[in-house]
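Reviewing the structure listed below.
The values are calculated or read from the model by the stated rules, or taken from the named source; none is laboratory data. Keep in mind it's a predicted model, so treat the numbers as computed, not measured. Note that we place each Cβ from the backbone using ideal geometry, even for glycine, and neighbour counts take in every protein chain shown. Accessible surface is based on the protein model in full, side chains and every heavy atom, while ligands, DNA and RNA are left aside. Shrake-Rupley method; radii C 1.70, N 1.55, O 1.52, S 1.80 Å.
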Amino acid sequence: MLQKKSIEDVDVKGIKILLRADFNVPLEEGKVRDDARIRAVVPTIENLLSRGAALVLASHLGRPKGEAVPGLKMDPVADRLGELLGKPVRKLDRVFGPEVSKAVDEMKSGEILLLENLRFEKGEESNDRDFARQLAEPVDLFVSDAFGTAHRAHASTAGVAEFIPAVAGLLMKKEIEELSRCLENPQRPLTAILGGAKVSDKINVMRRFLQLTDHLLVGGGMANTFLAARGYSLGQSFYEQDLLETAQSIINESEKSGCRLILPDDLVVTRELKPGSESEVMAPQDISGDWKAVDIGPETVKSFGRYISTSAMIIWNGPLGVFETPPFDEGTRLTAREVASSNAYSVVGGGDLVAALEALDLAGKVDFISTGGGATLEFWEGKELPGIKVLQDKT
Ligand code: ADP
Ligand code: MG
């Protein structure tokens, strides 16, 4: 397993820390609509403050692309974080410069402030070395809790570590532990469930899962591409025409690997993607005309359920149908119920799947929910994420 230093391995009393968080939260009318990402960092903040550090918090919010966009200022985050911590969080209107240096110089142990949106500065996403140096300048230590952004080599996720020592926060540490243990030291049978729209987003993770898991259950739009590769015409269903060969080669690889690749036996089809529109259940070979497959069918739910109930560990990325349009969330919901009621240790990742589980009120039923979308996928692919690579190794 990746052995990275965390805040638990360093003395932080009396020092000043730049804490990179992922506070990229949805806003509504100038307020934070969903504070899950803020709450996820509170344990790290409280740990560091109680041990006598002074904290300079920084995050990006939305996509301001190097310009100061008034609707993307960090003030709503400061307000919500203040409520969660039970004390006001001072927010600065700049990311670096004399105002920031002065404010940080004056900070005392146990104090906290939040910088302005990092992506108001062009140097953030371009990982500009001079900008990274300016971020590091007023502080002694860099702590990263921004797992969701760790697959990006930005100034505040990677560049800054050239100038000050860098260690993981508690959330980052937990993500690394949870996401590695299902691949490095799994309990078996280990079952992976993959859904979502496109095979093209997930080719690498699929290939890795074929090597590492015992069963790979595939649903969602990506299953259509595999069924099309098997020769079914699938009517008007979404699939990726240019990935048919790739899908076929993955099917061939699965036959040589120790992993069973399971595709849907039946699908829910509709002519119109609208809530409550007319739908039927069809076998893949029966789908034609203007029907489109938008969810896994009841036989597939049962067959997935059999693999799930006999697994010791489950990893799941991507919804199994067009969950945004009920009733086509049914396959995802019933499968989530199976995962929740099985004895298996379950780890879930992916922006849309996590949103689906939250909407279905099932998020609390799995053992670990990753805060990453793209970062989780790249981690599972076995890539070295730039924001993790820069953290100091445990010696
Ligand atoms: P995640 O964010 O969990 O990794 P993706 O971004 O890969 O998931 O895919 C999510 C999208 O896949 C959703 O918007 C969902 O509507 C879509 N999807 C799922 N099943 C189908 C399908 N059968 N046809 C078209 N789109 C689908
Ligand atoms: Mg997504």
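List pairs: first residue in the range 245-269 and open to solvent by 30 Å² or more (accessible area, probe 1.4 Å), second residue among the acidic types (Asp, Glu) and modelled with pLDDT under 95 anywhere in the structure, Cβ distance under 6 angstrom, at least six positions apart or on different chains.
Cβ pairs passing all conditions: none.
Tell me which residues, restricted to the range 334-353, are surrounded by fewer than 23 Cβ atoms within 10 Å (Cβ to Cβ) and closer than 19 Å to residue 296 by Cα.
Across the range 334-353, the qualifying residues are 334, 337, 338, 340, 352.
Output the residue which, of all residues in the range 211-225 that are more than 21 Å from the chain's Cα centre (by Cα) and surrounded by fewer than 23 Cβ atoms within 10 Å (Cβ to Cβ), is farthest from residue 323 (Cα to Cα).
211
Would you pick out the residues in the range 35-77 that are surrounded by 22 or more Cβ atoms within 10 Å (Cβ to Cβ), in contact with a Ser or Thr (Cβ under 8 Å, 6 or more places away or on another chain) and outside any loop (DSSP other than H, G, I, E, B)?
Within the range 35-77, 54, 58, 77 meet the criteria.
Select from the range 113-123 the residues that are assigned to a helix (DSSP H, G or I) and under 22 Å from residue 90 (Cα atoms) and write down the one among them that is least open to solvent (accessible area, probe 1.4 Å). Working first, answer last.
Pass one, the range 113-123, residues assigned to a helix (DSSP H, G or I): 118-120, 122-123.
Filter once more, keeping what is under 22 Å from residue 90 (Cα atoms): 118-120.
Numbers: 118: 0, 119: 25, 120: 23 Å².
This residue is 118.
Check every one of the helices (runs of 4 or more DSSP H) wholly within the range 301-395 and list those with 1 or more residues that are over 30 Å from residue 166 (Cα atoms) and not β-branched (Val, Ile, Thr). If you could, list the steps in order and put the result at the bottom.
Details: elements: 330-341, 351-359, 374-381, 386-389.
Qualifying helices (runs of 4 or more DSSP H): 330-341, 351-359.
Mind counting the residues in the range 281-297 that are surrounded by 14 or more Cβ atoms within 10 Å (Cβ to Cβ) and either over 19 Å from residue 192 (Cα atoms) or β-branched (Val, Ile, Thr) (or both)?
Taking the range 281-297 first, the residues surrounded by 14 or more Cβ atoms within 10 Å (Cβ to Cβ) are 281-282, 284, 286-287, 291-297.
Restricting the remaining residues to those that are either over 19 Å from residue 192 (Cα atoms) or β-branched (Val, Ile, Thr) (or both) gives 281-282, 284, 286-287, 291-294, 296.
Qualifying residue count, the range 281-297: 10.
Quick check: anything in the range 368-386 under 20 Å from the mean Cα position of the chain (by Cα), open to solvent by less than 10 Å² (accessible area, probe 1.4 Å) and more than 12 Å from ligand 1 (Cβ to nearest atom)? Talk me through it step by step, then tell me what you get.
The first filter runs over the range 368-386 and keeps only residues under 20 Å from the mean Cα position of the chain (by Cα), leaving 368-386.
Subsequent filtering for residues that are open to solvent by less than 10 Å² (accessible area, probe 1.4 Å) retains 370, 372, 375-376, 380, 385.
Next, only the ones that are more than 12 Å from ligand 1 (Cβ to nearest atom) stay: 385.
Yes, some residue in the range 368-386 is under 20 Å from the mean Cα position of the chain (by Cα), open to solvent by less than 10 Å² (accessible area, probe 1.4 Å) and more than 12 Å from ligand 1 (Cβ to nearest atom).
Can residue 142 be described as open to solvent by less than 30 Å² (accessible area, probe 1.4 Å), away from ligand 1 (no atom under 16 Å from the Cβ) and over 30 Å from residue 273 (Cα atoms)? Quick ask: steps written out before the conclusion?
Values: open to solvent by less than 30 Å² (accessible area, probe 1.4 Å): yes; away from ligand 1 (no atom under 16 Å from the Cβ): yes; over 30 Å from residue 273 (Cα atoms): yes.
Yes.
With the requirement that a residue be free of Cβ contacts under 8 Å to residues at least 60 places away in the same chain, of a type in the set (S, T, N, Q) and more than 16 Å from ligand 2 (Cβ to nearest atom), what does the range 181-224 give you?
211
Of these, 277, 288, which one is in the same structural domain as residue 328 (by TED's automatic domain parsing), part of a loop (DSSP other than H, G, I, E, B) and without any contact (Cβ under 8 Å) to a residue 40 or more places away in the chain? Before the answer, list the steps.
Details: 288 fails: without any contact (Cβ under 8 Å) to a residue 40 or more places away in the chain.
That would be 277, the only listed residue that is in the same structural domain as residue 328 (by TED's automatic domain parsing), part of a loop (DSSP other than H, G, I, E, B) and without any contact (Cβ under 8 Å) to a residue 40 or more places away in the chain.
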